[in-house]
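Okay, so here's the structure we're looking at.
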Amino acid sequence: MNSNNHESFQRIIDESLAGGIPAEMDQSLRHHLETCVACQEYLGASNRVIAGLGGFSFEVDPTLNARVFTALRAQQPQAAQPGRPRWVLATLAALALTMGGSFADLQFGGMIASVFDLQRTLVRQGVLAFWIAPSLLVLLLFPLLLLSSKAGTRRQERNL
Amino acid sequence: MFDYGLTSGASMESDTQRIAFGLRQGDVAVLEALVEQYQYRLVRYLIYLFGRRDGVDDLVQETWLRVLERGSSYDGHSRFEPWLFRIARNLAIDAGRKRQTLSLDSDQDDRDAQPAPVSNQPSPFTLAARTEDAARLARSLQTLDAAHREVLLLRFQEDLSLQEISAIVGAPVSTVASRIYKGLATLRPQFDGEQHEQ
């Protein structure tokens with residue numbers, strides 16, 4: 001048997017150990033191993049290496065877990081609720097915009113209509129469509145998202 | 001307390017979903033259970049990366065804090081340990097760059113990888129060897145460069161697939177495979193020409 005043949009089978013042994021090989025190739029390798037002492041030794045030495053890697057037992061500092069737990073508990077309040085202030089701010093901003101739009105319409109609607117020579121109802125419709133309605137939508141959207149997220153959480157909890 | 005042990009199929013998916021759910025909630029009780037379960041493997045992984053013991057405990061602590069901080073990015077669709085090791089690895093690289101002690105550059109040509117310098121102190125591998133075969137491997141493992149040592153651990157001790165290892169080390173599957181071949185080739189002479197049990 002020539003050395004090229006050994007090399008190709010030893011390559012297949014490496015591939016087999018690293019990640020598996022197709023069944024056909026595996027069959028051919030087994031066939032070859034039955035008669036080839038050099039490749040048997042190669043496979044045996046590789047298996048000894050792999051088994052040897054399992055023969056290490058590292059000491060872990062017995063206080064390490066306790067130290068990690070303490071650090072995690074100290075860190076928890078910052079990590080647990082990262083998005084809440086943003087929700088509150090966005091809802092407050094939407095509320096302010098809705099109220100501001102209504103106020104602007106009541107206080108300045110007539111004035112704007114006369115300055116631009118428009119009908120009062122037309123100005124009101126414009127403010128409603130482009131100011132009050134979008135901000136009202138945002139105002140309602142955040143609580144709805146919060147409610148659906150809580151419902152999802154409850155569903156997930158039931159599944160656990 | 002949940003059992004987060006490695007299982008297969010639907011059961012594994014359910015375990016990882018539980019972990020993902022707990023992490024999204026920032027649930028420290030879930031995290032503590034994970035610490036209990038994965039601490040030894042995390043310590044061992046970092047020792048394999050660094051080839052020494054000092055600094056590992058600090059990195060372990062930093063890793064778990066990062067898990068708490070970034071927990072929402074774990075989706076639960078894949079195994080937890082590759083995600084954990086990826087975090088630990090990134091932190092180890094940052095720490096190694098600061099101290100100029102760890103190079104795991106995935107762009108580095110593997111043929112140019114240099115063996116790590118050998119210190120006079122007993123290596124963590126020598127101290128941890130519990131079998132005759134492990135004792136024989138200890139010195140070679142210490143001189144093997146970190147990138148090769150790392151893939152040997154991930155493949156043969158953590159039993160991760162080439163794809164999972166590739167995701168951890170940020171290198172193509174072919175590079176991971178060639179690192180495994182080279183790692184085995186470096187350690188194999190310890191047992192060449194011996195009678196053995198198959």
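Numbers at a glance
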read-out	value
Cβ-Cβ FRET estimate between A:L140 and B:S174, R0 fixed at 45 Å, reported to 0.05	0.25
Check: region B:1-102 dipole with +1 on Lys, Arg Cβ and -1 on Asp, Glu Cβ, in debye	540 debye
Estimated distance in nm for a label pair at A:E34 and A:S57, the labels positioned 7 Å out from Cα along Cα-to-Cβ	4.1 nm
Leading residue at positive end of dipole, region A:3-53 (Cβ point charges), from A:G44, A:H32, A:F9	A:G44
Centroid-to-centroid separation of region B:72-94 and region B:130-198 [C-alpha atoms, Å]	21 Å
Cα Rg over Rh - region B:1-102, Kirkwood	0.99
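Every number in this text was worked out from the coordinates using simple rules, so none of it is lab data. Bear in mind that the values here come from a model prediction, so they are computed numbers and not experimental data. Every residue, glycine as well, gets a Cβ built from its backbone with ideal geometry; the counts of neighbours run over all protein chains shown.
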